[in-house]
Amino acid sequence: MSLESWKTISQIASYCVAIIAAMFAVPTYVANSRRERAKWAIQLYEKFYESDHYGSMRDKLDCAADDPTVREIVNSEDSAFTDYLNFFETVAFLVTRKQVSKNDVLELFHYYLRCLKRHRSVMNYLNNREKGFERLSEFLNKVQL
């Protein structure tokens with residue numbers, strides 16, 4: 001065999017090895033991505049439900065639609081309220097970056113996202129671009145709750 005034949009054979013062998021390596025790498029990548037998304041979801045769950053930071057605002061927003069207390073919270077732009085919204089803005093950001101799936105977010109926070117959406121004053125606040133909650137506003141306007 002000529003040197004050129006050996007070169008061709010070695011190139012073909014290299015390509016075959018690369019294809020086989022890719023076949024093993026793709027499932028590993030997918031599994032690692034799922035595991036990483038699950039870690040994000042767990043961290044979000046813990047931050048939202050297991051810490052006391054958001055409990056008070058969760059309770060205040062868990063009321064009848066357009067409750068006067070909620071309108072007062074929105075109008076005062078209470079820091080606990082904006083912190084609460086910032087949490088969900090971050091969640092919406094992570095969805096757009098595909099760090100956590102929309103389905104996972106809906107599974108974990110469906111009820112409390114629905115609480116936000118039921119209050120016109122909250123949605124008007126979120127839809128005001130000057131307030132800086134564009135991702136959360138877009139997320140809530142897109143999903144069926």
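Checking the stated criteria, Asp83 turns out not to satisfy the condition of being part of a helix (DSSP H, G or I), over 20 Å from the mean Cα position of the chain (by Cα), over 16 Å from Ser121 (Cα atoms) and at pLDDT 95 or above. From the list Asp62, Asp78, exactly one residue is out of contact with any helix residue (DSSP H, G or I) (no Cβ under 6 Å at 6 or more places or on another chain), over 30 Å from Val30 (Cβ atoms) and of a type in the set (Asp, Glu). Which is it? Among Asp62, Asp78, only Asp78 is out of contact with any helix residue (DSSP H, G or I) (no Cβ under 6 Å at 6 or more places or on another chain), over 30 Å from Val30 (Cβ atoms) and of a type in the set (Asp, Glu).
Residues that are of a type in the set (Ser, Thr, Tyr) and part of a helix (DSSP H, G or I): does segment 99-110 have at least one? Scanning segment 99-110, I find no residue that is of a type in the set (Ser, Thr, Tyr) and part of a helix (DSSP H, G or I), so the answer is no. Checked against (1) modelled with pLDDT of 95 or more; (2) surrounded by fewer than 13 Cβ atoms within 10 Å (Cβ to Cβ), Val70 passes all but a single condition, namely (2). Could we say that Thr90 is under 20 Å from the mean Cα position of the chain (by Cα) and without any contact (Cβ under 8 Å) to a residue 24 or more places away in the chain here? Yes, satisfied.
Can you say whether Arg135 is in contact with a Ser or Thr (Cβ under 7 Å, 6 or more places away or on another chain) and within 27 Å of Arg34 (Cα to Cα), as far as the supplied structure shows? So that I can check it myself, show each step before the final result.
Working: in contact with a Ser or Thr (Cβ under 7 Å, 6 or more places away or on another chain): yes; within 27 Å of Arg34 (Cα to Cα): yes.
Answer is yes for this residue.
Taken over segment 112-132, the criterion of being free of Cβ contacts under 8 Å to residues at least 40 places away in the same chain and within 25 Å of Arg34 (Cβ to Cβ) is satisfied by Leu113 alone.
Just checking, how many residues over segment 39-77 are part of a helix (DSSP H, G or I), within 24 Å of Arg97 (Cβ to Cβ) and free of Cβ contacts under 8 Å to residues at least 24 places away in the same chain?
At the first step, the residues of segment 39-77 found to be part of a helix (DSSP H, G or I) are 39-50, 55-61, 68-76.
So of that shortlist, the ones also within 24 Å of Arg97 (Cβ to Cβ) come out as 39-50.
Filter once more, keeping what is free of Cβ contacts under 8 Å to residues at least 24 places away in the same chain: 39, 42-43, 46, 49-50.
The number of residues fulfilling the criteria is 6.
The values are calculated or read from the model by the stated rules, or taken from the named source; none is laboratory data. Being a predicted model, the structure only gives us computed values, none of them experimental. Here Cβ is always computed from backbone atoms with ideal geometry, including for glycine, and neighbour counts include all displayed protein chains.
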